[in-house]
Structures are given as C-alpha cells and as structure tokens.
Amino acid sequence: AYSFASTLAQKALASVLEKAERSVRTTMAEVVAECGTEAAPSWIVGYDFGAIVFAGVEDATRDAVLEAVIKRVGPEPHPPIQENLLIETSDDERPTVRFDRVVARVIDRRLVELVSLVAAQSAAMEYYEEDVDLVRGRLNKLSASLAETGKLTARTRELLRFVGSGMSTHNQVVFTLSLLDTPQLAWEDESLDRIYGGLRTQFEIADRFRALDLKLRMIQDKFALFVELTNERRNYWLEVIVAVL
C-alpha cells in the first residue's frame with residue numbers, strides 16, 4: 001500500500017488502470033482493477049483518500065502505475081508512505097490474522113479488497129501522523145517565541161496561511177478516517193469479519209486514531225488562540241491608524 005498527500009479522483013485513477021489492466025470496477029470510494037491471469041490473479045485497489053494498493057502485481061506494472069499516479073497528483077512533499085502485508089494460503093487453517101500476515105484458504109477479490117482497505121488506511125494514517133507532527137513542531141516554535149517575547153513574531157498573513165494549512169490537514173484526516181466504519185464485505189461474511197477485526201487490531205487502527213484525534217484537538221485549540229491574538233493585533237493597529245487620522 002502507498003499513501004500520498006493528495007486525494008485520488010476515481011475517474012482519473014480508473015483511466016490510468018484501464019490502460020494497464022483487463023478489468024476495472026469503480027465504486028463511490030474505490031477503484032478495483034483485476035489483472036494477472038486466471039492461474040495467478042492480481043489486483044490494484046485505489047482509494048479516493050489518496051492511497052493505492054497492489055496485491056500480487058508484478059514490479060514493472062506497479063512502478064508504471066505509480067509513476068502515472070504521481071504525475072496526476074503532482075509534486076509530493078515527501079515520498080509516498082509504504083505499508084506491506086503478506087497474504088498466505090493454507091488449506092488446513094481457518095482464515096486468521098497473524099503477526100505479519102493474513103492466512104486464508106483462497107485469495108479472492110473480496111479478501112484482497114478487505115485487506116487492501118485496512119493497509120491503505122494504515123498507510124494514510126501514518127502519512128497524516130507525520131503531517132500532524134510537523135504542524136505541532138511549528139506550533140511549538142510559535143508558542144516558545146510567544147512565551148519568550150510576549151508577542152507574535154510571525155506576520156499576520158503568514159500566520160493565517162499556516163492556520164489554513166493546518167485546518168486543511170485536519171479536514172483531510174477526518175475525511176480519511178471517516179472510512180473506519182466496518183465495510184459491507186465484513187458484514188456479509190463471518191470469516192472476513194474476523195480478518196477485518198484482526199487487521200484493525202494488528203495495525204492498531206483504533207489506538208492510532210485516538211492518539212491522532214487528540215493531537216488534532218490540541219492543534220485546533222492552539223489555532224483558535226493564535227487567531228484570537230492575530231485579531232487583537234489587527235484591531236490594535238486599526239485603532240492606532242484611526243487615532244492618527
């Protein structure tokens with residue numbers, strides 16, 4: 001699984017996959033391309049929140065699709081976040097999740113879609129964890145400067161741009177993590193539901209979401225404070241201008 005900073009439009013992603021694969025299915029939130037052969041099937045699954053997953057795909061095809069996707073999303077702030085997971089077949093075991101792999105009797109499209117969803121969400125969450133930590137680092141510098149000098153050293157326009165970028169990051173995180181509800185596939189099959197629950201536990205999805213949500217709430221509180229201080233500074237200078245006039 002690979003996660004990008006930008007979101008992926010389904011129509012644009014479907015057009016990329018149609019050129020490389022033999023069957024493409026588009027839904028509201030994902031695009032699934034079936035490729036490979038009947039004897040050795042493989043899949044590519046793309047999500048609108050900015051992630052794409054390759055299951056059993058040859059390296060050359062994967063690299064070509066990634067290159068085409070990167071061209072469409074534009075320059076990235078850093079390389080895509082990557083998440084790896086092994087899917088293994090075994091006739092003797094019931095479908096289960098182990099430390100570093102999923103074990104199932106048969107690898108089919110439904111299993112791949114379910115595993116891909118959790119892997120994609122984990123990669124996207126890691127991407128946002130890095131973004132949120134960068135925002136927190138910059139906020140800490142502004143807070144330290146405010147504590148040391150007693151005033152905001154950043155210009156109003158620069159500060160508002162920073163607040164805007166932070167709010168944009170927050171909205172993207174909420175959009176991505178809103179997909180954490182149990183997918184329909186898990187409701188329809190007990191074994192898939194067991195795999196889905198095991199994968200969420202393995203990737204610590206719930207714990208990471210709570211930690212990320214807490215950081216976002218702290219960032220929002222600081223943003224509100226800086227916006228208030230910015231407004232006070234602007235009002236002060238307006239009063240000075242009026243007095244001079």
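The values are calculated or read from the model by the stated rules, or taken from the named source; none is laboratory data. Since the structure is predicted, the reported quantities are computational estimates derived from the model, not experimental observations. For neighbour counting, all protein chains shown are included, and Cβ atoms are generated from backbone atoms with ideal geometry for every residue, glycine included. These area figures cover heavy atoms from the full protein model, side chains too; ligands, DNA and RNA do not enter into them. Shrake-Rupley method; radii C 1.70, N 1.55, O 1.52, S 1.80 Å.
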Are there any pairs with C-beta distances below 6 angstrom linking a residue in segment 84-109 that is small (G, A, S) to a residue that is surrounded by 10 or more Cβ atoms within 10 Å (Cβ to Cβ), with the two at least 6 apart or on different chains, and if so which? S90/V103; A104/P95; A104/L111
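Report the residue count in segment 48-88 for those that are over 14 Å from F4 (Cα atoms), exposed (fewer than 14 other Cβ atoms within 10 Å of the Cβ) and not acidic (D, E).
We begin by selecting, within segment 48-88, every residue over 14 Å from F4 (Cα atoms); these are 54-64, 84-88.
From what is left, the residues that are exposed (fewer than 14 other Cβ atoms within 10 Å of the Cβ) are 58-60, 63, 84, 86, 88.
If we keep only those that are not acidic (D, E) too, we end up with 60, 84, 86.
Residues flagged as over 14 Å from F4 (Cα atoms), exposed (fewer than 14 other Cβ atoms within 10 Å of the Cβ) and not acidic (D, E) within segment 48-88 amount to 3.
For E126, are the conditions met, namely being modelled with pLDDT of 75 or more, over 30 Å from R110 (Cα atoms) and part of a helix (DSSP H, G or I)? Before you say what the answer is, go through the steps one by one.
Numbers: modelled with pLDDT of 75 or more: yes; over 30 Å from R110 (Cα atoms): no; part of a helix (DSSP H, G or I): yes.
It is false that E126 is modelled with pLDDT of 75 or more, over 30 Å from R110 (Cα atoms) and part of a helix (DSSP H, G or I).
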Which of the numbered conditions does E30 fail, given that it passes all the others? Conditions: (1) open to solvent by 20 Å² or more (accessible area, probe 1.4 Å); (2) over 14 Å from L8 (Cβ atoms); (3) not hydrophobic (A, V, I, L, M, F, W, C). (2)
Restricting attention to segment 99-125, which residues are out of contact with any Leu (no Cβ under 9 Å at 6 or more places or on another chain) and open to solvent by 10 Å² or more (accessible area, probe 1.4 Å)? F99, R105, V106, I107, D108, R109
Cβ-Cβ distance below 7 Å, separation of 6 or more or different chains: which pairs start in segment 198-226 with a residue that is within 15 Å of A120 (Cβ to Cβ) and end on one that is of a type in the set (S, T, Y)? F203/S122; I205/S122
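hydroxyl-bearing (S, T, Y), closer than 26 Å to Y196 by Cβ and without any contact (Cβ under 8 Å) to a residue 40 or more places away in the chain, is that true of S15? Steps first, please.
Details: hydroxyl-bearing (S, T, Y): yes; closer than 26 Å to Y196 by Cβ: no; without any contact (Cβ under 8 Å) to a residue 40 or more places away in the chain: yes.
So S15 fails the test.
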If we ask which residues in segment 1-26 are open to solvent by 50 Å² or more (accessible area, probe 1.4 Å) and under 18 Å from V118 (Cα atoms), their number turns out to be 1
The lone condition D131 fails out of (1) among the acidic types (D, E); (2) modelled with pLDDT of 85 or more; (3) part of a helix (DSSP H, G or I) is (2)
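Within segment 93-107, can you find the residues that are of a type in the set (V, I, T) and closer than 15 Å to Y196 by Cβ?
Pass one, segment 93-107, residues of a type in the set (V, I, T): 96-97, 102-103, 106-107.
Within segment 93-107, T96, V97, V102, V103 qualify.
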Could you figure out which of (1) open to solvent by less than 20 Å² (accessible area, probe 1.4 Å); (2) in contact with a Pro (Cβ under 9 Å, 6 or more places away or on another chain) isn't true of V45? (2)
